[in-house]
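K.L.:
This structure is in structure tokens; I'll ask about it shortly.
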Amino acid sequence: MNVLERLVTEELTRVPTGPSAGDLRRRARVRRARRVGAVATVAVVFAVLAIAAMLQSPGSHQVRVVEPAPMTSTTGGPIAVTPLPLATTKEFPPLAKIIASLTGTVRSNTDPKAVVENPTSAEIVATTDTKAYAIWGGTHDDKPIYVAQVTGSFVCDTCPRPEGASSPHGVALTVWFGTDGHTGGLGLAQRPTDLSQLGTVYRLELTPLATTEQFPALASMAEIVSNNVRTDYRAQPGSTRPTSGEIVETTRGRAFSLFGGSTDNLDAHIYVIEVFGNFTCDECSRPSNAVAAPQGNSLHLLFDATGRGYGFGIGEPIDLSTLGTVYRVELPG
Amino acid sequence: MRLVAVNDFDEWYADQRPRVYLSLLALSGDADLAADATDEAFTRAVTQWKRVRVMESPGGWTQRVALNVLRRRLRRRRFEARLLPRLASTEHELMPTGEVWDLVRALPDRQRVAVVLRYVADLTEPDIAIAMGIARGTVASTLAAARERLGEVLTGDDLEEDVR
């Protein structure tokens with residue numbers, strides 16, 4: 001034993017008694033309780049904020065829906081009840097290509113100020129350019145073509161127009177297709193055209209209805225969206241609430257380009273539901289110096305693979321077909 | 001520090017506390033601060049006892065926690081003394097007292113900590129490495145340098161082989 005160790009031995013005899021092991025355990029229990037309390041408090045705060053900011057908090061989102069655009073068919077009745085046969089590949093071989101092209105055209109030309117729900121169906125007829133010439137002009141070479149017409153509220157910012165004129169707009173969007181499915185042209189009109197003068201008219205489903213086989217958590221997601229729209233809906237005279245939306249299955253990575261957010265698990269499968277209208281989110285977070293509440297013409301709700309909502313956005317309509325195959329989802333009343 | 005069976009916190013605590021306290025006292029010279037940091041370290045140990053007891057060196061871990069707490073409180077005390085010089089505590093006699101302790105305190109920081117952990121806390125070199133967060137080889141060379149400086153202070157019956 002060296003000098004230092006001898007001194008240590010002496011000093012050890014003078015070390016004052018500390019708290020007992022029982023005292024330390026009590027102290028540890030108090031700390032654990034405080035920590036649990038703190039964590040619980042933080043969790044509650046986050047839950048309240050998340051709910052308020054997102055999906056299921058009554059009164060959290062004030063939604064305004066503008067008067068819907070007229071939705072009439074060529075026969076004057078609502079498109080949804082038009083007794084037209086459903087278009088198939090038998091009558092229209094490049095059907096998928098036509099639907100994809102028409103859907104993109106509709107989305108890119110839908111008037112964001114007026115849209116309540118994106119049109120989900122259209123009318124289509126097989127005819128010739130000569131027959132079409134009598135109505136719209138153009139070529140008349142007796143070439144077989146397909147003509148599709150969608151009713152809604154459309155504005156074409158990219159269409160040619162006289163200098164200083166506003167963007168062409170109309171309630172009927174007509175698109176011509178070649179027999180290979182390529183787009184031949186489009187036009188906007190202030191009233192729908194009776195396509196039956198060109199041939200047998202068929203109904204074209206633009207966005208097929210989503211099923212639980214494709215989207216197992218469809219019911220709960222639709223319920224969440226419906227609650228979000230319904231409970232926060234600020235009714236205006238003559239306004240209607242969106243009763244359907246669009247759903248697409250995609251990945252976090254693909255959605256990131258549109259919505260931003262976390263860069264974790266970019267390969268994870270998610271669902272995005274979009275509903276159209278005129279929404280104002282009074283309770284959404286915003287910059288401290290922002291005067292107006294966030295508003296937009298569409299709501300986007302993001303769900304994980306189990307159907308749990310994890311994101312919410314309000315803004316201008318987004319073309320969900322850039323994320324995957326779009327389906328229509330009916331919202332419970 | 002001879003590690004005892006770590007199945008029972010009470011027994012382990014009773015064995016360890018005096019040396020942890022004394023090592024902190026030797027390093028800080030402040031009995032209150034040493035007691036405070038010691039109690040904090042053992043409170044953390046009992047809070048996580050299931051995890052701590054199966055560690056390679058529960059003593060080394062506790063000593064490391066105690067050293068960190070001590071350093072943080074010393075830093076805070078120095079900071080407060082700079083901000084509030086009139087409220088800073090007056091100079092007090094460093095403990096424990098004596099020429100040997102003065103020599104130990106005069107060592108460079110790393111050597112002082114290594115010597116205190118080795119001879120006061122009675123830690124083995126691997127445990128000192130854990131407590132100081134350095135390599136075992138560094139502990140050995142640091143202790144060798146300290147022994148050279150302290151000379152006779154560390155000369156004794158067991159010096160020939162005190163590396164465990």
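Every read-out reported here was derived from the displayed coordinates using simple, explicitly stated rules and does not represent laboratory data. All values reported here derive from a predicted model rather than from experimental measurement. Glycine also receives a Cβ, built like all others from the backbone with ideal geometry; neighbour counts cover every protein chain displayed.
K.L.:
Would any residue of region B:9-32 have its amide N under 13 Å from a label point 7 Å out along Cα→Cβ of B:LEU94? List them or say none.
P.N.:
Residues B:25-31 qualify, since their backbone N sits under 13 Å from the label point.
K.L.:
If the cut-off is a Cα-Cα distance under 24 Å, which lysines reach A:LYS131, setting aside same-chain residues fewer than 8 apart in sequence?
P.N.:
Reachable lysines: A:LYS90, A:LYS97, A:LYS143.
K.L.:
Once R0 is set to 22 Å, what does the formula 1/(1 + (r/R0)^6) return for the Cβ-Cβ distance between A:ALA40 and A:SER262, expressed as a FRET efficiency to the nearest 0.05? Please report the intermediate quantities before stating the final value.
P.N.:
Numbers: r = 24 Å, r/R0 = 1.11.
Efficiency at R0 = 22 Å is approximately 0.35.
K.L.:
To continue, here is another question. Where a ≥ b ≥ c are the square roots of the eigenvalues of the C-alpha gyration tensor, would you call region A:120-172 rounded, which needs a/c under 1.5, or, failing that, prolate if a/b is larger than b/c, or oblate?
P.N.:
Verdict is oblate for region A:120-172.
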